[in-house]
1. Pick from the range 92-117 the residues that are under 15 Å from residue 19 (Cβ atoms) and surrounded by fewer than 15 Cβ atoms within 10 Å (Cβ to Cβ): which of them is nearest to the chain's Cα centre (by Cα)?
2. Contact list please: Cβ distance under 7 Å, first residue in the range 95-109 and touching a residue at least 60 places away in the same chain (Cβ under 8 Å), second residue in a loop (DSSP other than H, G, I, E, B), pairs at least six apart or on different chains.
3. Do we have any residue at all in the range 19-35 that's closer than 13 Å to residue 117 by Cα, in contact with a helix residue (DSSP H, G or I) (Cβ under 8 Å, 6 or more places away or on another chain) and free of Cβ contacts under 8 Å to residues at least 60 places away in the same chain?
4. Read through the list (1) within 25 Å of residue 14 (Cα to Cα); (2) part of a loop (DSSP other than H, G, I, E, B), then give the number of the only condition that residue 82 fails.
5. If a residue must be assigned to a strand (DSSP E or B) and surrounded by fewer than 16 Cβ atoms within 10 Å (Cβ to Cβ), how many such residues does the range 70-79 contain?
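Please treat every number below as a calculation from the coordinates, not as lab data. The model shown is predicted, which means the values in this text are computed figures rather than measured ones. Cβ sites come from the backbone with ideal geometry, for glycine too, and all protein chains shown count toward neighbours.
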Amino acid sequence: MANTYLIDASKDAALNYLDTNVTQLLICNALPATYAEANGAMKLGVKATPTISTATDDGTTGRKVTISAITDGTVSASGTASHVALCSADTLLAAYPLNAGVSVTTGYTFTLTEHDVNLPDPA
């Protein structure tokens, strides 16, 4: 099947859904496929109510929202954080890999740099 074209308004609606509904950013030790995985055995830490921008042009290939830098995430289990999960109170809304795995230790805080979630235009 060929790439599907979506107008910017449809991408913005999807991305703004994250801005409106994400209540927690979880760091995980693997890519979760469900909320139960993200908030269960894969969960290493949480940042409640992360700041997410409204959708904008990403300057090259589509639309984006920006997740603001995190300086005060709470680590709840030791391990190697390799993925991020954006969740509402009971639903996994998005999940993606970190650029590199990061070792975290229970009882400490975690940080993440500002980063984007993109919906690119078709190639």
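1. First, pick out the residues of the range 92-117 that are under 15 Å from residue 19 (Cβ atoms): 93-94, 114-117.
From what's left, surrounded by fewer than 15 Cβ atoms within 10 Å (Cβ to Cβ): 114, 116.
Values: 114: 11, 116: 9 Å.
For the range 92-117, the residue satisfying everything is 116.
2. Taking only residues 6 or more apart or on different chains, the pairs are 95/31; 95/32; 97/31; 104/78.
3. no
4. That leaves (2) as the condition not met.
5. Counting residues in the range 70-79 that are assigned to a strand (DSSP E or B) and surrounded by fewer than 16 Cβ atoms within 10 Å (Cβ to Cβ) gives 3.
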